[in-house]
Amino acid sequence: MENNEIPIGFIDSGVGGISVLKEAVKLLPMENYIYFGDSKNAPYGTKDVKDVQQLTFNACELLMSYNVKALVIACNTATSAAINEVREKYKFLPVIGIEPALKPAVELDRKGKIIIMATPMTLVEKKFNKLMLNYEKVAEIISLPCPGLVELIEKGIIEGDELEDYIRTRFSSLIEDDIAAVVLGCTHYPFIKKQLLKLLGEDTPILDGSIGTVKQLRKQLDKLGMLNSREGRGKIEILNSLDCPELISLSYKLFNL
Ligand code: DGL
């Protein structure tokens with residue numbers, strides 16, 4: 001296999017990173033991809049940082065054994081817990097993480113609160129709090145931890161009464177306020193965007209970090225002369241730590257939404 005044809009590796013705690021993979025395939029359709037979802041250990045966002053670091057390393061090692069030319073940590077939680085350590089360990093290849101799209105939300109300059117939905121870990125970790133420090137003086141930003149939401153999405157629940165109840169309860173103290181934008185700080189959440197718009201109003205801006213992440217991926221591969229320049233579409237392989245065909249089907253279903 002020519003070097004540039006080597007696949008790009010994606011990891012997430014489960015099916016969430018598929019939302020980032022989708023954007024990558026739109027931007028770089030000719031690349032080959034291997035995606036690993038660690039659904040056996042999901043959710044990451046309510047575990048200890050040390051555990052998430054270890055799980056992230058395990059996932060990266062697995063992808064390294066398949067030979068990848070770049071690693072995308074398509075999980076906000078794993079990025080906040082382990083990106084520096086992963087970059088340190090795999091110095092020889094591009095490692096791209098994801099973070100909540102707070103900057104574009106602030107730049108919309110709309111009246112009202114910016115709500116950041118994310119896992120409890122992402123919202124307490126240093127990386128996010130550093131990001132907050134840059135913007136909290138210019139915008140009213142509300143952190144909205146969403147424990148339990150990843151579990152629903154891992155079960156394939158992306159619409160319906162149970163999800164609607166969950167969202168309504170989480171947003172109960174905010175619904176009367178002006179909402180400038182909602183930032184999805186977890187890669188599972190883009191799959192429930194329709195339900196969020198239903199509750200918050202169709203014109204509510206809902207942003208996530210996937211486009212920024214895949215642009216960064218393209219930039220880094222380009223800089224290193226590692227973009228796959230062949231014609232046509234590349235291959236996509238989806239792996240999961242749970243030996244469960246339903247999860248692989250769910251992954252493809254979410255990919256094709
Ligand atoms: N998709 C992960 C993220 O972006 C979910 C983390 C979890 O498993 O709790 O944060």
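Values computed for the structure shown
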{"item": "Any hit, region 234-241, residues being open to solvent by less than 50 Å² (accessible area, probe 1.4 Å), within 16 Å of the ligand (Cβ to nearest atom), in a loop (DSSP other than H, G, I, E, B) and closer than 26 Å to residue 97 by Cβ", "result": "yes"}
{"item": "Subset of region 22-65 [closer than 20 Å to residue 250 by Cβ and of a type in the set (Gly, Ala, Ser)]", "result": "24, 37, 39, 42, 45, 59"}
{"item": "Region 135-156, residues that are out of contact with any strand residue (DSSP E or B) (no Cβ under 7 Å at 6 or more places or on another chain), among the charged types (D, E, K, R) and farther than 14 Å from residue 77 by Cβ", "result": "136, 137, 155"}
{"item": "Of all residues in region 164-184 being assigned to a helix (DSSP H, G or I) and within 16 Å of the ligand (Cβ to nearest atom), the one that is surrounded by the most Cβ atoms within 10 Å (Cβ to Cβ)", "result": "170"}
{"item": "Selected residue (only one of 155, 127, 223 is closer than 21 Å to residue 16 by Cα, out of contact with any Cys (no Cβ under 8 Å at 6 or more places or on another chain) and exposed (fewer than 15 other Cβ atoms within 10 Å of the Cβ))", "result": "155"}
{"item": "Considering residues of region 7-37 that are in a loop (DSSP other than H, G, I, E, B) and open to solvent by 10 Å² or more (accessible area, probe 1.4 Å) only, the residue nearest to the ligand (Cβ to nearest atom)", "result": "7"}
{"item": "Conditions (1) away from the ligand (no atom under 15 Å from the Cβ); (2) in contact (Cβ under 8 Å) with a residue 12 or more places away in the chain; (3) under 30 Å from residue 110 (Cβ atoms): number failed by residue 187", "result": "(1)"}
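The values are calculated or read from the model by the stated rules, or taken from the named source; none is laboratory data. Treat the numbers as computed from the prediction; the structure is a model and nothing was measured. Backbone-built Cβ (ideal geometry, glycine too); neighbour counts: all protein chains shown. The protein model used for the area step is the full one, side chains on, heavy atoms only, and it has no ligands, DNA or RNA in it. Shrake-Rupley method; radii C 1.70, N 1.55, O 1.52, S 1.80 Å.
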